[in-house]
Amino acid sequence: MPGRTMMRMISGTHEFWYRLSGGLIGGRFGRAPILLLTTTGRKSGRRRTTPLVYLPDGDNMVIIASNGGAPQHPEWWLNLRAEPKAEVQVGRDVKAVVAEKADGEERDRLWREVVEMYRGYDEYQRSTKREIPVVVLRPEA
């Protein structure tokens, strides 16, 4: 798939500059901060890193599995559902996290906050029939 290959190239370039600069390059998308999420591939077992916009929420980080409003979930979310333990890098800080899908009132609150930070998520939700998952990354105990 040419689209998937292109996205991997863009993500790889983003990851390279982010890691090299400690997030000074590629650490923001407008006013939204970006983290690097590293998951374990559910089929391959390989580590995969994806740059994602996130919302700080206390000690947690909130990411949105929008996939740009596509009808299918992003690969990183499918990987986290299979293995919720992951790693994030924010700036130069790297830590282990556990992913959990937010539901109910927590999801509603986080969705409002994330849309306030990046309005594009509302448009993505309107363009797909699936409910876009709100994912909370909690520091591993």
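The values are calculated or read from the model by the stated rules, or taken from the named source; none is laboratory data. The structure displayed is predicted, hence computed values, not measured ones. FYI the Cβ positions are ideal-geometry reconstructions off the backbone, even for glycines, and counts take in every protein chain you see.
What pairs come out if I take residues in the range 52-76 that are at positive phi and pair them with residues that are of a type in the set (Val, Ile, Thr) whose C-beta lies under 9 Å away, six or more apart or interchain?
From residues that are at positive phi, the pairs are ASN67/THR128; ASN67/ILE132; GLY69/THR128; GLY69/ILE132.
VAL94 fails exactly one of the following numbered conditions: (1) surrounded by 15 or more Cβ atoms within 10 Å (Cβ to Cβ); (2) over 9 Å from LEU137 (Cα atoms). What is the number of that condition?
VAL94 satisfies every listed condition except (1).
Just checking, which of ARG28, ARG46 is of a type in the set (Lys, Arg), in contact with a strand residue (DSSP E or B) (Cβ under 7 Å, 6 or more places away or on another chain) and within 19 Å of THR13 (Cα to Cα)?
The conditions single out ARG28.
Would you mind telling me which numbered condition in (1) of a type in the set (S, T, N, Q); (2) at pLDDT 95 or above; (3) closer than 20 Å to ARG28 by Cβ THR50 fails?
(2)
Anything in the range 28-46 that is under 18 Å from GLU83 (Cα atoms) and either surrounded by 14 or more Cβ atoms within 10 Å (Cβ to Cβ) or at pLDDT 95 or above (or both)? List them, or say none. Even if it seems obvious, please write down each step before you answer.
Filtering the range 28-46 for residues under 18 Å from GLU83 (Cα atoms) gives 36-46.
Across the range 28-46, the qualifying residues are LEU36, LEU37, THR38, THR39, THR40, GLY41, ARG42.
Would the range 11-25 turn up any residue that is in contact with a strand residue (DSSP E or B) (Cβ under 8 Å, 6 or more places away or on another chain), part of a strand (DSSP E or B) and of a type in the set (S, T, N, Q)?
The answer is no; no qualifying residue exists.
Could you tell me which of the residues ASN79, ASN60 is under 19 Å from GLY23 (Cβ atoms), out of contact with any Pro (no Cβ under 6 Å at 6 or more places or on another chain) and of a type outside the set (Gly, Ala, Ser)?
Residue meeting the stated conditions: ASN60.
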